[in-house]
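Take a look at the structure set out below.
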Amino acid sequence: MKRQLHLNLFMHSRGHHEASWRHPDASPLALTDIRYYQDLAQRAEGARFDSIFLADQLALGGDVSQAPRIWLEPLTVLAALAVSTQRIGLIATCSTTYTEPFNLARQFASIDHISHGRAAWNIVTSWLASAAENYGGEGQVSHADRYARGEEFMTVVKALWDSWAADAVVDDRASGLYAHADRIRPIDHRGDFYRVAGPLNMPRCPQGRPVLVQAGSSDTGRRFAARHAEAVFTAHMAKETAQEFYADVKRLAVEERRRPDQVLILPGLSPMIAGTEAEAQRLAREVNDLTDPEVGRKRLSNRFGGHDFAHLPLDTPLAPEDFPDPATVQAARSRTMVIINLVRRDKLTLRQLLGYLAGARGHYVTAGTPEQIAGLIEDWFCDGAADGFNVMPPVLPTQLDAFSSEVIPLLQRRGLFRTEYQGTTLREHYSLDWPVSSFDAAREPVVQEAD
Ligand SMILES: Cc1cc2nc3c(=O)[nH]c(=O)nc-3n(C[C@H](O)[C@H](O)[C@H](O)COP(=O)(O)O)c2cc1C
């Protein structure tokens, strides 16, 4: 079978455009109404997306008066989606810096049991400086320390997920034997950051381990992804940087003795779709006209760890010197490089930069016909820039519906995307191997047929 695309729906606010929440086409439901998320997940499942994804931030944004910067806790939402969908994968974000590994291992394994094998964890180290104030208030943990703690965190959660053999449970009411105790064992982890005895207090989950997703693009982030991630989200504003990232992470994965097809690369794509290119661009301008540059200026400051951009005029061309050196930024390091490269390449004014970032925060933004969007997707997919996409509709649900009813049928006709789910688990949708538990290390891994 022809290599298949993987499509994830990134659910965010009433769309990924900063001003989507104000647009008349956006959902009328409140962002605290679970029906909103259930409806989006069911629409994505109807279109045969591989998965849906929920991001998370551990502090309220400073611009809440002008923007809905609220976050329902993603794992709680995932539990509600798990019982209102049947096949679609369910990805939630959780922090390695501000979470206890035993709790996280329990929560994701529970979602995997509840969803019959559709859970995935987007591993973040939490770049937002203000989050630290909600977890002891000792200032932001440095970029390097966040990743060092993250490495040990991964060791602990993987060991906890592997602390039950797949065949440990017997559940024999007649004999009174519930489980083989010798097929369950403690992990006795003692490290620099964690001491965890284990075992986990529930049986091995349907996928063995939830699928691991990550989205760091700095050198440290790429190495972390190559070591642990099975899917990697990334932000690129040009095909060339996406190709470089793709080749580099696949190379690093091989260095980590992993098969490149077991690390899927999914760049973000935010398409405004309409019957003609002119109409699509008109729609993009319409939502852009709803933005407030001062909201964008606050967001830009967050991206650069709180750097103050208040002194910069809106309509004067920017220069890289107007920004702190990315190597000194303790926040989302790679994203700051994406922004500075854009300024260097396109000689933008602050208003133009904020307008671009308002689209999808540094991910690829475009406006065009279904044929143009399908063509772009096929080009990146076939030319070493992507294994699929993190689809980020600018306005929800209308632009999700446009993508599902106009673009996906084109991709299906070209034999690039499934018309039906073959399997029932996210590992099958992503064509990922089943992780071998330390109990079964001797037994060969079960390699799933590509769907
Ligand atoms: C598609 C995507 C989704 C992300 N979601 C989150 C999120 O929900 N919460 C978060 O703290 N960081 C999130 N991030 C940020 C990354 O986890 C990471 O901090 C950032 O890419 C910078 O990584 P780096 O410092 O290794 O370059 C996301 C990044 C991308 C590309």
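What to note about this one:
- Near LEU54, the amide H atoms lying under 5 Å from its own belong to ILE91, ALA92, THR93; only residues 5 or more places off or on other chains count, and H is placed 1.01 Å from N.
- Those aspartates and glutamates that a straight Cα-Cα span of less than 14 Å connects to LYS298, excepting residues fewer than 8 apart in one chain: GLU18, ASP63, ASP308
- Segment 160-244: GluC sites (Glu not before Pro) in DSSP loop, at most 12 other beta carbons within 10 Å: none
- Put simply, the amide H of THR349, placed in the peptide plane, has neighbours under 5 Å in LEU318, leaving out anything fewer than 5 places away on its chain.
- On Cα atoms only, tilt of 277-288 relative to the major axis of the chain in degrees: 90 degrees
- Couplings for segment 298-309, taken from phi via the Karplus curve 6.51 cos²θ - 1.76 cosθ + 1.60 with θ = phi - 60°, read 5, 5, 4, 4, 4, 4, 9, x, x, 4, 8, 9 Hz in order; Gly and Pro are left as x.
- C-alpha long axis of helix 219-228 to longest principal axis of the chain, angle in °: 30 degrees
- Beta bridges by DSSP in the chain, antiparallel share as percent, to the nearest 5: 20 percent
- Inter-label distance for ARG195 and GLN372, nm, one decimal - labels placed 7 Å from Cα along Cα-to-Cβ: 6.1 nm
- Label point distance in nm, GLN281-LEU60, each placed 7 Å from Cα along Cα→Cβ: 4.1 nm
- For trypsin sites (Lys or Arg not before Pro), the sites in segment 211-303 that DSSP calls loop and that have at most 12 other Cβ atoms within 10 Å are ARG257.
- Folded to 0 to 90 degrees: helix 34-46 orientation relative to the chain principal axis, Cα: 80 degrees
- Tensor-based shape of segment 299-451 (alpha-carbon gyration tensor, a/c under 1.5 rounded, otherwise prolate or oblate): oblate
- Taking 0.36 nm per residue of separation and subtracting the Cα-Cα distance, full extension of the segment from GLU420 to GLU256 would add 55.7 nm.
- Using θ = phi - 60° and Karplus 6.51 cos²θ - 1.76 cosθ + 1.60, couplings along segment 106-115 (whole Hz; Gly, Pro as x): 5, 4, 6, 5, 5, 4, 5, 5, 4, 9
- In summary, the lysines within cross-link reach of LYS2, defined as a Cα separation below 29 angstrom excluding same-chain residues under 8 places away, comprise LYS239, LYS250.
- Distance between the pseudo-spin-label points of LYS347 and GLU138 (7 Å out from Cα toward the beta carbon): 4.9 nm.
- At a probe radius of 1.4 angstrom, the accessible area of segment 66-224 per residue rounds to 42 square angstrom.
- Anisotropy class of segment 58-131 from Cα gyration tensor, a/c 1.5 cut: oblate
- Accessible area of the chain belonging to carbon and sulfur atoms, whole % at 1.4 Å probe: 51 percent
- Chymotrypsin sites (Phe, Trp or Tyr not before Pro) restricted to segment 166-272 and DSSP loop, no more than 16 other C-beta within 10 Å: PHE193, TYR194
- Here the 3J(HN,Hα) profile of segment 91-96, calculated from phi with Karplus coefficients 6.51, -1.76 and 1.60 at θ = phi - 60°, is 10, 10, 8, 8, 8, 7 Hz, Gly and Pro shown as x.
- Distance between segment 354-422 and segment 118-160 - C-alpha centres, whole angstrom: 31 Å
- Cα gyration tensor shape for the chain, rounded if a/c is under 1.5, else prolate or oblate: prolate
The values are calculated or read from the model by the stated rules, or taken from the named source; none is laboratory data. No experiment lies behind these values; they were computed from the predicted model shown. Please note: Cβ atoms are built from the backbone with ideal geometry, for glycine as well, and neighbour counts cover all protein chains shown. For the accessible areas, the whole protein counts, side chains as well, though only heavy atoms, and no ligand, DNA or RNA atoms are used. Shrake-Rupley method; radii C 1.70, N 1.55, O 1.52, S 1.80 Å.
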